[in-house]
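Q: Sharing a structure with you now.
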Amino acid sequence: MAKKQFKSESKRLLDLMVNSIYTHKEIFLREIISNASDAIDKLCYISLTDDKVGLNRDDFKISINADRDKRTLTVSDNGIGMTAEELESNLGVIARSGSLQFKKDMGEKTEDIDIIGQFGVGFYSAFMVAEKVTVISRAYGQCDANMWISTGSDGYTITSCEKETVGTDIIMELKPDGEDENYSEFLEEHELHRIIKKYSDYIRWPIEMDVTKSRQVETDETDKDGNKKKVWEDYTETAVVNSRIPIWQRTKGEVSDEECMAFYKEKFFDMEDPVSVIRIAAEGAVTYKAMLFIPAKAPYDYYTREFKAGLQLYTSGVMIMEYCADLLPEHFRFVRGIVDSQDLSLNISREMLQHDRQLKVIASNLEKKIKAELKKLMESDFDKYVTFFKSFGLQLKYGILNGYGIHKDLLSDLILFYSPKAGKLIPIADYVKDMAEGQKYIYYACGESAQKLDKLPQAESVREKGYDILYLTEEVDEFVVRTLMKYEDKEFRSVNDDDLGLETEDEKKETEKLETENKDILDFVKESLGGKIAAAKISRKLKSHPVCLTTQGGVSLEMERYFASLQGGPTDAIKAERVLELNATHPVFKALKDTVSSDKDKAKKYAELLYGQSQLIAGVSLDDPAYFAGLISELMV
Ligand code: ADP
């Protein structure tokens, strides 16, 4: 009998699949099982109104059978079956315009793209593992059956045959094992079990296969007490291997918190309970169910390239993608979980674009839900939120910086900073709520640690007013605050800023007057330091300290340090413009002033001493520590 040929486009897709890398190949079973499940769905639907089907809901099943001697793996279902015409039209053509269109759109790059791992490729995936596929099918309502046989790209034959019951058997004769490819493992019980669990655990029909179990049996021998000796014996039993109803498909009332936690830990390999579980049952533009988890701790590789973000994507109980990154915005990439929508089809063929649109709708809903959940957690269990924030706060901060702050409105109320007044991390909203009457700004100070910031001289005047100061101790913090600019109409202001909004007009005038009066002293200091500072000026914020180091312009000392760390050392490219602020009411200032008129050489050393002091307090390393130490010794003798 003449072989029929596949359509030429089909051949190309077939080649692509057959030559795909080995690790992807296990999905063939998911595809075949999924087809069997669809076929049962169809017959089950008919059986609701048609007694002639003669099957109850409980009779439907999918059977997996491995024959190691013949090297065949058979997947049987008692679903609707296919007529000869259907075998011809369904299996004779892969001309799924969608998948081919996809291949064309991607041009030459297709080979690199994991289309097989990501979306279903249907029945033909059987050829990834089988050198010959036989389909024996008897359609519902027909007495005879048909056999479709193909060895892949060279075409197929269809002949009539016998089959006792309605349904389909897909018999795959596995390819011989190669150097890197061990097809025989698809005949091993534990491997089949693993693949079914991984991809098809939630297929609603039972998937049965023979499994090996052990039991104790009595022997004829007796022990010294006269009891019959027992030995362990392996036996085979047909068992259902899939769990059928996914936990996320059950209603909230049906699943306990403990079950959710246990499910999370097993599925996502975490030792700790998540801080939150989000359950969503959405209907509307896209109908889907989702079960999301917010982990308590970041996995060790979270902030590396190795970490794979994304949610597991299911359609009607079948996993189609293990890490669907499109479902999560970058700033919430720590979220784990599952999205299941019957609106998505298993087959890429059905319009990629359609998928895209549906995924976008889901993703934007999820983003809102995650935000709401985090907000809720913050309000209901702040300590737990802090645990979460310590792991993933950095991610949220990067989220604010990304795209020049396009997500800042979404993320700003999830950020915590340390408040010395509260003695703990607080949300910015709490700072604003507790702002004193007349307080203009949200003050912040940047530095290495809270202990160091507690002593920062330039914060004195703010502290004296009784205002709280947010401590920014992480490298990204200052960029975050500068990106936010405001929170609820209140501007952020660094304690380094020249204008802290604390002075009255009179006080301002007073400082200006002092600046003019002492112009020659300030010029002298600047000159003595020879280009190390951009300006010396009379401080408006110092109280008890004689000096402090601040900056002018856009780059702060912390930023300078951060950029230097990126470059692997200090650079001239991004440098803070240093300002040495002097406290005109401090006795040291008077001493400096007197020395400038009496002994210029000594006064120059005073200027250097003061600058060194300011650097030490600001946590900046000295340019020449030995020289500085020498200056101090000189003072003592
Ligand atoms: P898809 O399932 O996405 O349509 P496939 O290539 O997997 O693509 O299958 C093509 C068609 O063959 C199916 O739509 C279905 O009509 C038919 N088919 C495949 N497997 C079976 C089966 N076990 N029982 C009945 N029909 C089947």
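Q: Could you grab me the full set of residues in region 437-461 that are surrounded by fewer than 23 Cβ atoms within 10 Å (Cβ to Cβ) and in a helix (DSSP H, G or I)?
A: A450, Q451, K452, L453, D454, E460, S461
Q: In the list K537, K513, which residue meets the criterion of being modelled with pLDDT of 85 or more and open to solvent by 50 Å² or more (accessible area, probe 1.4 Å)?
A: Sole residue among the options that is modelled with pLDDT of 85 or more and open to solvent by 50 Å² or more (accessible area, probe 1.4 Å): K513.
Every residue, every condition in (1) open to solvent by 40 Å² or more (accessible area, probe 1.4 Å); (2) in contact with a strand residue (DSSP E or B) (Cβ under 8 Å, 6 or more places away or on another chain), yes or no:
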residue: D177; (1), (2): yes, no
residue: N182; (1), (2): yes, no
residue: F186; (1), (2): no, yes
residue: E189; (1), (2): yes, yes
residue: H193; (1), (2): yes, yes
residue: R204; (1), (2): yes, no
residue: D223; (1), (2): yes, yes
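Q: Quick check on my filter: what residues within region 578-637 are crowded, with 20+ Cβ neighbours inside 10 Å and over 30 Å from C446 (Cα atoms)?
A: V596, A603
Q: Given (1) of a type in the set (S, T, Y); (2) in a strand (DSSP E or B); (3) within 13 Å of the ligand (Cβ to nearest atom), where does Y140 come up short, assuming only one miss?
A: Y140 satisfies every listed condition except (2).
Q: Quick one: which residue in D69, D114, D41 is modelled with pLDDT under 95 and either closer than 23 Å to D210 by Cα or away from the ligand (no atom under 13 Å from the Cβ) (or both)?
A: D114
Q: So, in region 329-362, of the ones that are of a type in the set (G, A, S) and at pLDDT below 95, which residue ends up farthest from L410 (Cα to Cα)?
A: Out of the qualifying residues, it is S349.
Q: Among the residues of region 602-635, write down those that are of a type outside the set (D, E, K, R) and in contact (Cβ under 8 Å) with a residue 60 or more places away in the chain.
A: A603, A607, L610, Y611, Q613, S614, Q615, I617, A618, G619, V620
Q: A further question follows. Anything in region 212-261 that is of a type outside the set (V, I, T), without any contact (Cβ under 8 Å) to a residue 40 or more places away in the chain and under 24 Å from I64 (Cα atoms)? List them, or say none.
A: Selection gives K213, S214, R215, E233, D234, Y235, E237, A239.
Q: Give me the residue from region 150-170 that is more than 12 Å from the ligand (Cβ to nearest atom) and in a strand (DSSP E or B) and, out of that set, nearest to S125 (Cα to Cα).
A: If we take residues in region 150-170 being more than 12 Å from the ligand (Cβ to nearest atom) and in a strand (DSSP E or B), then S150 is nearest to S125 (Cα to Cα).
The values are calculated or read from the model by the stated rules, or taken from the named source; none is laboratory data. Bear in mind that the values here come from a model prediction, so they are computed numbers and not experimental data. Heads up, the Cβs are rebuilt from the backbone with ideal geometry, glycines too, and the neighbour counts pull from every protein chain shown. Side chains included, ligands, DNA and RNA excluded: accessible areas come from the protein's heavy atoms. Shrake-Rupley method; radii C 1.70, N 1.55, O 1.52, S 1.80 Å.
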